[in-house]
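Working notes, beginning with the structure itself.
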Amino acid sequence: MSRIHEALKRAEQDRAAAQGVHVETAQTPTQPALAGVPSPISTVPSLPNQLTYETLLSRCVPCTWSPDTKTMLFYNSEQGPGTEEFRTLRSRLYQMREKQPLKKVLVTSSLPKEGKSFVAANLAQAMVRQHGRRVLLIDADLRAARLHLALGTALTPGLSEYLLGEADEFGIMQRGAMENLFFIPAGRSTSNPAELVANGRLKVLLNRVESLFDWIVIDSPPAVPVSDAGLMSNHCDGVLMVVRSTATPSDVARKARAEFDDKLLLGVVLNGMKHDPAEYRRYYGAYGKDVSR
Ligand SMILES: Nc1ncnc2c1ncn2[C@@H]1O[C@H](COP(=O)(O)OP(=O)(O)O)[C@@H](O)[C@H]1O
Ligand SMILES: [Mg+2]
């Protein structure tokens, strides 16, 4: 290592020490990665100007969550109705991640009430159940915020405060009782959500925090009536489209699908199937990119 590099590194460590921030160095021992399993991000050395996990832990907002157990399926039981389907969905995403960069997943649908928030919340829970996986769940439905109700926590400060430039990423990120799950609520409602999500700060937020998480799950507004989800997808690696069984008209689902780049569409989640094993087998069979066409 050159003397200039050493001096720069020392200066960086001194500055961090003065701020009470832990800076990992390139000498930080890394754990061996399991075959086919991405290494936990806690082993990734931090770069200058990049947040560290320790900084996040010390500065995010500790909260007492009181989850709604009807929506948060994993909260009381790992084996309750629906949990297996979310584990399957998680596995499919891991399989896709072997073939393409995939961390920031936007969950959307054509219309309201199809189960976007339900799917986002439970997918995040399924992901965080895997040992060492850190997940950030973001409520980016600035028009009909719901995830704070599912988690039983405060709506503000949240994403809208960040997009308005009134808060930084630590001030809006909550940490509750579920280890490794972090949550950004939607924040206060505003009169101009489409302009806010297009103002460039969402991209900045995602860029700043993505190295801290294994997955970032973003709940969004419906894609047909408003443009927000299409705009947000530009900053994501993939889009999951929720279709409510027997409720979403097929022409409307096709219209929503057309809002997203083909390359971004990961697949369709058929939500609300009857709890019947035969039906579930159909669900497994139906999940995949092609059913959206
Ligand atoms: N598969 C499901 N099983 C049980 N309740 C569901 C299911 N999907 C959605 N819900 C419930 O239906 C309502 C609407 O779902 P929500 O996720 O808020 O829709 P969206 O986000 O698309 O507007 C919520 O009360 C949610 O908890
Ligand atoms: Mg919703």
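Values quoted throughout were computed directly from the atomic coordinates according to the rules given, and no laboratory measurement underlies them. Given the structure is predicted, the values throughout are model-derived calculations rather than measurements. Cβ coordinates were reconstructed from backbone atoms using ideal geometry, including for glycine residues, and neighbour counts include every protein chain displayed.
Summarising the label geometry, the points placed 7 Å from Cα in the beta-carbon direction at Glu166 and Lys263 lie 3.7 nm from one another. The ranking of Trp65, Trp215 from fewest to most other beta carbons within 10 Å of each one's beta carbon is Trp65, Trp215. Summarised as an ellipsoid, region 95-214 has semi-axes of 22, 16, 16 Å, derived from the eigenvalues of the Cα gyration tensor scaled by 5 and square-rooted, with the largest first. Each residue, Glu54 and Asn199, gets one label point 7 Å from its Cα in the Cβ direction; the gap between the two is 3.4 nm.
When every alpha-carbon pair in region 50-133 is counted, what percent end up more than 22 Å apart? Write down the numbers at each step before the final one.
On the way: 1371 of 3486 pairs.
Within region 50-133, distances greater than 22 Å cover 39 percent of Cα pairs.
Model label points for Lys255 and Ser189, set 7 angstrom from Cα along the Cα-to-Cβ axis, are 2.3 nm apart. Once the chain from Ser77 to Glu98 is taken as fully extended at 0.36 nm per residue, the excess over their C-alpha distance is 4.6 nm.
Between Ser245 and Ser91, what FRET efficiency comes out of the Förster formula 1/(1 + (r/R0)^6) with R0 = 30 Å and r the beta carbon distance, rounded to 0.05?
Plugging the Cβ-Cβ distance into 1/(1 + (r/R0)^6) gives 0.90.
Per the Debye formula on identical point scatterers at the alpha carbon atoms of region 152-193, with no solvent, log10 I(q)/I(0) at q = 0.31 Å⁻¹ is -1.07. Cα-Cα over 24 Å: which of Lys70/Lys103; Lys116/Lys274; Lys70/Lys203; Lys99/Lys274; Lys103/Lys203; Lys104/Lys274? As for pairs spanning more than 24 Å Cα to Cα, those are Lys70/Lys103; Lys70/Lys203; Lys99/Lys274; Lys104/Lys274. For region 77-292, the residue among Pro193, Gly171, Asn271 whose Cα projects farthest onto the positive side of the dipole built from Cβ charges is Asn271.
Do you know the relative contact order of region 77-292, to the nearest whole percent, from alpha carbon pairs under 8 angstrom that are 6+ apart?
The normalised contact order for region 77-292 reaches 27 percent.
When the P(r) of region 77-292 is calculated, the portion above 25 Å amounts to 33% of the C-alpha pairs.
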